[in-house]
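A.B. asks: Questions regarding the structure given below will be posed in turn.
The values are calculated or read from the model by the stated rules, or taken from the named source; none is laboratory data. All of these numbers come straight from a predicted model, not from anything done at the bench. All accessible areas refer to the heavy atoms of the entire protein, side chains included, with ligands and DNA or RNA removed. Shrake-Rupley method; radii C 1.70, N 1.55, O 1.52, S 1.80 Å.
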Amino acid sequence: MVKVRDLGLGFNSDEIVLFKYCSGSCHRARSNYDLTLGSLLRQQLITPAPQERVLSHPCCRPTRYEAVSFMDVQNTWQTVEKLSAAECSCIG
């Protein structure tokens, strides 16, 4: 449960909404690509640029989203599409 104004989307509302998110490990879903990339990174045969973030494993991400509706301080209903995770899966 989070305040709408804490979502960082610029809405001015005192409402509290349910924000569902994905988390968890995806190590069992690693592919040959992930295993090879991890090995090359450990051996420093691939060196990412300082601003790059290279992940050698799949990550848990939303595969389906839900919209969230709330009333702002002007008593106007607002709906934010694709805000809350409805389903999660290992992506990578």
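A.B. asks: Rounding to the nearest 10 and keeping the result within 0 to 90°, find how far the Cα-based axis of helix 32-42 lies from the longest principal axis of the chain.
C.D. replies: 70 degrees
A.B. asks: Tally up the carbon and sulfur contribution to the accessible surface of the chain as a whole percent, 1.4 Å probe, everything protein left in place.
C.D. replies: Ligands and nucleic acids excluded, carbon and sulfur reach 49 percent.
A.B. asks: What does the helix-only formula give at 222 nm for the chain: each DSSP H stretch with n ≥ 4 adding -39500 (n - 2.57), the total divided by the residues, and the result rounded to the nearest 500 deg cm²/dmol?
C.D. replies: Estimated from H runs of four or more residues: -3500 deg cm²/dmol.
A.B. asks: If you count only protein heavy atoms with a 1.4 Å probe, what accessible area per residue comes out for the chain, rounded to a whole Å²?
C.D. replies: Per residue, the chain has an accessible area of 76 Å².
A.B. asks: Also: Using Stokes-Einstein with the Kirkwood hydrodynamic radius over Cα pairs, what translational diffusion coefficient do you get for segment 2-91 at 4 °C and a viscosity of 1.567 mPa s, in µm²/s rounded to a whole number?
C.D. replies: D, rounded to a whole number, is 81 µm²/s.
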